[in-house]
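Asks: Can you read through this structure? Questions will come right after.
A short reminder: the numbers here are calculations on the coordinates, not readings from a lab. Keep in mind that what you see is a predicted model, and the values were worked out from it rather than measured. Heads up, the Cβs are rebuilt from the backbone with ideal geometry, glycines too, and the neighbour counts pull from every protein chain shown.
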Amino acid sequence: MTPAARVQAAITLLDLILSGESAEKTLTRWGRQNRYAGSKDRAAIRDWVYDALRCRRSYAAWGGAETGRALLIAALRRQNLDPQDYFTAQGYAPSLLAAEEGKAKAHISAAEQADLPDWLWPIWQQDLGEDAASVAENLRARAPVFLRVNLTLTTRDEAAEALRKEKIITASHAFVETALQVLEGARKIKTSQAYEAGLVELQDASSQASITVLPRETAGPVLDYCAGGGGKTLALAAWLKQPIFAFDSAGERMRDLPIRAARAQAEVVLLDQPPFADGPAQNLVFCDMPCSGSGVWRRDPSGKWTLTAARLRDLQNLQSEILGQASALVASGGMLLYATCSVLKRENSDQIESFIAGNPSWSCLNSKQFFPSNQGDGFYYAVLQKD
């Protein structure tokens, strides 16, 4: 495909996504229906689409409309490329630009420049303070790719060497001892021998940091109360080197966990119903909370456009409810690890402060807020202990 044909394909896909279709499903379906497109073509088209989705509001403002064409006009200009070189109407290129097409709005608001919904921008400023603009700007860029090394099976250096032999180049993370950043060959990871052998898993470095903060001598039993797909369940098993009990209120989310656990040689016990507060107490309960996902909008840009004020309030209520349920399962002297992939204070430190204020037998041992950067995604964790 020519560069112009790739732009036209991205325009077509964006129009479908803007109409309400899932970005990932739309891209996958297009790839299957257009076999002539090679892997480099598909990768380039994906990059155009996700760049436009991350910068949807600013591109719509700079491009003059919220359409696939306008978003790509703005995207080309951002990369110092002339849209007229692509909108040529030759072959599979986009049709010629109209006289006024791609003209920027007369006034572009702060929320548009930040690529955030109008309703969220005041909340964003309130919760992030002086970091509001820089965090929003970082969410407009592509996220780095990280791997978690399974220390049960290998060392970080050995994993990096195994990946290098498969032409996947990595670098050790500066402060997360289980993390490797992928510099080259990211699209080959899931077909690599190192991945198939369970030596590495795709997992963001900030997410890994929430696990490595735990003392490795932490005794069981250990429960992952919101296991989901099981990425952090496996990280817990590898870091603590002990069996992990896994539960999720939507059990179907854990359907692939047994296969993943077998590959990682991790012992995971799936629970089909939640533990009862009057049952055996847990020494550690991990809660990877449902949240806005605001820290990972680089990877899932559709999330910031579908989030609503009502949904955010519902999530805060759910987080508080889960925290209450999970804390009742912890033994005296035990710990609860609270985590979100959010950068919003109201989902993070505000929740912890409110919980401790109402539960004086609990204290916060350690907490940290990560903002999205080249070192990882936005993420928050708090380690709580029960007296």
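Asks: Quote the FRET efficiency, to the nearest 0.05, computed for Ala106 versus Glu66 with a Förster distance R0 of 22 Å and r equal to the Cβ-Cβ distance. Each step should come with its number before you reach the end.
Replies: Working: r = 16 Å, r/R0 = 0.74.
E between Ala106 and Glu66, to the nearest 0.05, is 0.85.
Asks: In nm, to one decimal, how far is the Ser332 label point from the Ala219 one, both placed 7 Å along Cα→Cβ?
Replies: Label-label distance for Ser332 and Ala219, simple model: 1.5 nm.
Asks: Take Ala174 and Gln385, extend 7 Å from each Cα along the Cα→Cβ direction, and tell me the distance between the two endpoints in nm.
Replies: About 2.9 nm, to one decimal.
Asks: Let me ask another. Can you list the residues, at least 5 places off or on another chain, whose amide H is less than 5 Å from the amide H of Phe286, using H built in the peptide plane?
Replies: For Phe286, the qualifying residues are Leu223, Asp224, Tyr225, Leu337.
Asks: Under a Cβ-Cβ cut-off of 11 Å, what is the net charge of the residues other than Asp300 that fall near it, where Lys and Arg count +1 and Asp and Glu count -1? Show your work: numbers first, answer last.
Replies: Details: positive: Arg54, Arg298, Arg299, Lys304; negative: Glu24, Asp377.
Net charge around Asp300: +2.
Asks: Ratio of alpha-carbon Rg to the 2.2 N^0.38 Å globular estimate for segment 145-202, to two decimals, please. Kindly include the intermediate steps, with their values, before the conclusion.
Replies: Numbers: Rg = 9.7 Å, N = 58, 2.2 N^0.38 = 10.3 Å.
That works out to 0.94 for segment 145-202.
Asks: While we're looking at this one, here's another question. Please work out the FRET efficiency for the pair Lys368 and Arg77, using the Cβ-Cβ distance as r and a Förster radius of 41 Å; give the result to the nearest 0.05. Walk me through the intermediate numbers first.
Replies: Details: r = 38 Å, r/R0 = 0.92.
Step by step, r from the Cβ atoms, then E = 0.60.
Asks: I've got another one for you. I'd like the Karplus ³J(HN,Hα) series for segment 221-234: coefficients 6.51, -1.76, 1.60, θ = phi - 60°, whole numbers in Hz, and an x wherever there's a Gly or Pro.
Replies: Result, rounded to whole Hz: x, 10, 10, 8, 7, 10, 5, x, x, x, x, 7, 4, 5.
Asks: With bins 10 Å wide starting at 0, give me the P(r) of segment 214-386 over every alpha carbon pair, in whole percents.
Replies: Calculated over all Cα pairs of segment 214-386, the distribution is 10, 37, 39, 13, 0 percent.
Asks: Taking 0.36 nm per residue of sequence separation and subtracting the Cα-Cα distance, how much length would be gained by fully extending the chain between Leu183 and Ser349, in nm to one decimal? Display every interim value, and only then the final one.
Replies: Details: separation 166, 0.36 × 166 = 59.76 nm, distance 3.31 nm.
Gain on extension, Leu183 to Ser349, equals 56.4 nm.
Asks: So I have (1) 0.95; (2) 1.00; (3) 0.98, and one of them is Rg/Rh (Cα atoms, Kirkwood Rh) calculated from this model. Which one is it?
Replies: Evaluating Rg/Rh (Cα atoms, Kirkwood Rh) on these atoms matches (2).
Asks: For the chain, what proportion of DSSP beta bridges, expressed in % and rounded to the nearest 5, is antiparallel? Could the numbers behind the result be given before it?
Replies: On the way: 26 of 40 bridges.
Here the share of antiparallel DSSP bridges comes out near 65 percent.
Asks: Would you mind computing, in nm to one decimal, how far apart the modelled labels at Lys167 and Trp305 are, each placed 7 Å from Cα along Cα→Cβ?
Replies: Those two pseudo-labels are separated by 3.5 nm.
Asks: Moving on to the next point. Once you list every other residue whose beta carbon is under 13 Å from the beta carbon of Gln208, what net charge do they have if Lys and Arg are +1 and Asp and Glu are -1? It would help to have the intermediate numbers written out before the result.
Replies: Numbers: positive: Arg148, Arg156, Lys232, Lys368; negative: Glu177, Glu201, Asp204, Asp288, Asp377.
Result for the local shell: -1.
Asks: Note down the Stokes-Einstein diffusion coefficient of segment 3-108 in µm²/s, whole number, using a Kirkwood radius over alpha carbon pairs, 4 °C, and 1.567 mPa s.
Replies: Numbers: Rh = 13.8 Å.
Roughly 94 µm²/s, to the nearest whole number.
Asks: Once the other residues with Cβ under 13 Å from the Cβ of Leu257 are scored (Lys, Arg +1; Asp, Glu -1), what is the net sum?
Replies: -2
Asks: Name the trypsin sites (Lys or Arg not before Pro) in segment 33-116 that are in a loop by DSSP and that have at most 16 other C-beta atoms within 10 Å, would you?
Replies: Numbers: sites: Arg35, Lys40, Arg42, Arg46, Arg54, Arg56, Arg57, Arg69, Arg77, Arg78, Lys103, Lys105; in loops: Arg35, Lys103, Lys105.
The qualifying sites are Arg35, Lys103, Lys105.
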